[in-house]
Amino acid sequence: MVAHSSDGLTATTTPQVNGGTSPKIAQKQNGDAIPPTTAKNLPKLPTVDEFRRAIPAHCFERSLVTSTRYLIQDFAALGVLYYLLPYFENFGGLFGYFVWNCLMGVFGFALFVVGHDCLHGSFSDNQTINDIIGHIAFSPIFSPYFPWQKSHKLHHSFTNHIDKDHGHVWVQDKDYVTWPWWKKAFNPIPFSGWLKWFPVYTVFGYCDGSHFYPFSSLFVRNSERIQCVVSGLSCAFCAYLALQIAGSYSNWFYYYWVPLSFFGLMLVIVTYLQHTDDVAEVYEADEWSFVRGQTQTIDRYYGFGLDSTMHHITDGHVAHHLFTRIPHYHLIEATDGVKKVLEPYAGGQYGYKYQINYDFFIRFLWYNIKLDYLVHKTKGIMQYRTTLEAAQKQQ
């Protein structure tokens, strides 16, 4: 496990986003410093400023009123689902309970997206307000706000970097061959999706470091460790409050913890599919740049009203990765600008990637079986083993 540092988030040089020499003055991704790169001869790609100019200026504007409306909307939806729970159980039995949990997972994830706006600073112009609201959104769904803010910024800063993008698990062939059989078998098991967010990622710390333990590898400063304790206690308080309302441990488990696991599943599905596909490339340091990494992100349309319910974090994710300060309610409009900039690259490795995936759950399960580990495509560039094997068969 590699101990993380925040040094890359305050870089004084910019990555070579177009293959040229990077200037010494730091560029920023609408507020967040773009980390440096050691790459030398990268393909010519658009710069961050080119993307910014293609997106309407109002897309970067944050409204506290609008953001709060979505916060209230998601809490209200969860409240309605709890009110309707007896009807789901009385008329649907175990199947009704299952459907209720699925809906709780979707709307729980929607609430998570609002909190996710807070940690990126796109909920409002005031970060103190963002941090307070972020805890209000995250704590009831047992997600430690400050630790997740730290790990998630690292993911955004180094997207598809083989060594530094720890928010997403990149498994290389050299690592896979050393795994015991049970570890190799874990991903393909459908049930694993319910466990990957909690406890595998947030508690056990695979692969960022524990988000609840203040002395895990995720934290390098005492201030970060204090924030970890604050966020952890906030989650514990909400869990305890849920226990008091439930009246018994069994009720607490069935009506608080089980729906939380469905939220975790939805989070894992969305996050996994945003960055995992047959065509996606992952880069070593000499081949990575900020823009090159972001072009490997995939927008997916789930349908069934899920994309709008989950605030378009599914089908507006490429724009979000380029500019984290864009509020979720502007992502689709911003995506149109991203498409225009990437239009000359259409059909190639760096073109805009969009898929309609009504079968998102089946696709998630299948990819966990099929896309097992990465191998070198060329020096410094990696793709999934099965992708390269299929390409070789076609030659």
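Express the Stokes-Einstein translational diffusion coefficient of the chain in µm² s⁻¹, to the nearest whole number, given a Kirkwood radius over alpha-carbon pairs, 37 °C and a viscosity of 0.692 mPa s. Write down the numbers at each step before the final one.
Values: Rh = 21.8 Å.
Estimated diffusion coefficient is 151 µm²/s.
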Could you give me the ³J(HN,Hα) list for the range 374-388, computed from phi with Karplus coefficients 6.51, -1.76, 1.60 and θ = phi - 60°, whole Hz, x at Gly and Pro? 9, 10, 6, 7, 9, 4, x, 10, 10, 9, 5, 3, 5, 5, 6
For Thr178, solvent-accessible area (1.4 Å; no DNA, RNA or ligand), Å²: 100 Å²
In Å², rounded to a whole number, the accessible area per residue of the range 197-288 with probe 1.4 Å is 43 Å²
Note down the nm distance, to one decimal, between modelled labels 7 Å out along Cα→Cβ at Trp194 and at Tyr206. 1.8 nm
Between Ala390 and Glu50, what length comes free when the chain is fully extended (0.36 nm per residue of separation minus the Cα-Cα distance, one decimal in nm)? 118.9 nm
Tell me whether the range 156-250 comes out rounded, prolate or oblate; compute the Cα gyration tensor, take square roots of the eigenvalues as a ≥ b ≥ c, and use a/c under 1.5 as the rounded threshold. oblate
Counting only helical runs of four or more DSSP H residues, what would the 222 nm mean residue ellipticity of the chain come to if each run contributes -39,500 (n - 2.57) and the total is spread over all its residues? -15500 deg cm²/dmol
I want to check the label-to-label distance for Lys379 and Gln349. Put each point 7 Å from Cα in the C-beta direction and report it in nm to one decimal. 1.4 nm
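Is the shape of the range 123-188 best called rounded, prolate or oblate, per the rule: a/c under 1.5 gives rounded, else a/b larger than b/c gives prolate, else oblate, with a ≥ b ≥ c the square roots of the Cα gyration tensor eigenvalues?
On the way: a/c = 4.88, a/b = 2.08, b/c = 2.34.
Oblate, since a/c reaches 1.5 and b/c is not below a/b.
Is the range 279-395 rounded, prolate or oblate when judged by the Cα gyration tensor, a ≥ b ≥ c being the square roots of its eigenvalues, rounded requiring a/c under 1.5 and prolate requiring a/b larger than b/c? The partial results should precede the final answer.
Values: a/c = 2.09, a/b = 1.35, b/c = 1.55.
Judged from the Cα gyration tensor, the range 279-395 comes out oblate (a/c at least 1.5, b/c at or above a/b).
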For Gln73 and Trp257, extending 7 Å from Cα along the Cα-Cβ vector and measuring point to point gives, in nm, a value of 3.3 nm
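Would you mind telling me the share, in percent, of accessible area of the chain contributed by carbon and sulfur at probe 1.4 angstrom? Could you put the intermediate results ahead of the total?
On the way: 11160 of 17630 Å².
Carbon plus sulfur share of accessible area: 63 percent.
How much net charge surrounds His168 when only other residues with a Cβ under 14 Å from its Cβ are counted (Lys, Arg +1; Asp, Glu -1)? If you can, show how the numbers build up before the last one.
Numbers: positive: Lys153, Lys164, Lys196; negative: Asp163, Asp165, Asp208, Asp277, Glu281.
Combined, the nearby Lys, Arg, Asp and Glu give -2.
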Sort out for me the Cα centre separation of the range 272-312 from the range 176-201, rounded to whole Å. 22 Å
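Where does the range 317-364 land on the Kirkwood hydrodynamic radius, alpha-carbon pairs, in angstrom? Could you put the intermediate results ahead of the total?
On the way: mean 1/r = 0.0832 Å⁻¹.
The answer is 12.0 Å.
The values are calculated or read from the model by the stated rules, or taken from the named source; none is laboratory data. Please read these numbers as outputs of a predicted model, since none were measured by experiment. For neighbour counting, all protein chains shown are included, and Cβ atoms are generated from backbone atoms with ideal geometry for every residue, glycine included. Ligands, DNA and RNA are excluded from the accessible area calculation, which covers all protein heavy atoms including side chains. Shrake-Rupley method; radii C 1.70, N 1.55, O 1.52, S 1.80 Å.
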